[in-house]
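Peer 1: Following this message is one structure expressed as structure tokens.
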Amino acid sequence: MQLVKEVTLIIDELPKSERYTYRDQILRSSISIPSNIAEGSSRESRKDFKRFLRISLGSSFELETQLILLQENKIVTTVNLENALELNTETQKMLHSLLKK
């Protein structure tokens, strides 16, 4: 959920000309990560839980792509973007570990 907070800070930094291009997609993919983990943890089977973890992982990679686009196109170049990328990488590692167990 910390990642969602960082992403919200980035969205606030988007120039008005880019806000509508990136805002909804970035916010949706970041919120999807903890939401799917929560939903999957409530399921009664390990198979269902793993399916939701995979969906979270996919959302995490989608978010990473969007953040890298912001970075490479120099739309946002702040510490918040770096923090979000680092948190996202850590989230991906945790999801991989959960999927292995």
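Peer 1: Return only the number of the condition from (1) surrounded by fewer than 17 Cβ atoms within 10 Å (Cβ to Cβ); (2) at pLDDT 95 or above; (3) under 11 Å from V7 (Cβ atoms) that S29 does not satisfy.
Peer 2: That leaves (1) as the condition not met.
Peer 1: Answer with yes or no whether K93 is without any contact (Cβ under 8 Å) to a residue 12 or more places away in the chain and at negative phi.
Peer 2: Answer is yes for this residue.
Peer 1: Taking the condition in contact (Cβ under 8 Å) with a residue 24 or more places away in the chain, part of a helix (DSSP H, G or I), over 19 Å from L99 (Cα atoms) and of a type in the set (D, E, K, R), does E6 pass?
Peer 2: yes
Peer 1: Which of the residues belonging to segment 33-43 are buried (at least 19 other Cβ atoms within 10 Å of the Cβ) and either not in a helix (DSSP H, G or I) or not hydrophobic (A, V, I, L, M, F, W, C) (or both)?
Peer 2: Within segment 33-43, N36, G40 meet the criteria.
Peer 1: Right, something else. Taking the condition of being in contact (Cβ under 8 Å) with a residue 24 or more places away in the chain and within 16 Å of L98 (Cα to Cα), how many residues in segment 9-36 meet it? Write out each step before concluding.
Peer 2: If we filter segment 9-36 for residues that are in contact (Cβ under 8 Å) with a residue 24 or more places away in the chain, which is where we start, we get 9-10, 13-15, 18, 22, 25-26, 29-34.
Now drop any that are not within 16 Å of L98 (Cα to Cα), which leaves 33-34.
Looking only at that region, the number is 2.
Peer 1: Which members of segment 47-64 meet the condition of being in contact (Cβ under 8 Å) with a residue 24 or more places away in the chain, farther than 15 Å from L3 by Cβ and in contact with a Gly (Cβ under 8 Å, 6 or more places away or on another chain)?
Peer 2: K50, L53
Peer 1: Mind listing whichever residues of segment 6-17 are more than 17 Å from Q92 (Cα to Cα) and surrounded by 14 or more Cβ atoms within 10 Å (Cβ to Cβ)?
Peer 2: Result: T8, L9, I10, I11, E13, L14.
The values are calculated or read from the model by the stated rules, or taken from the named source; none is laboratory data. This one's a predicted model, so the numbers in the text were calculated from it and none came from an experiment. Glycine gets a Cβ as well: all are built from the backbone with ideal geometry, and neighbour counts include every protein chain shown.
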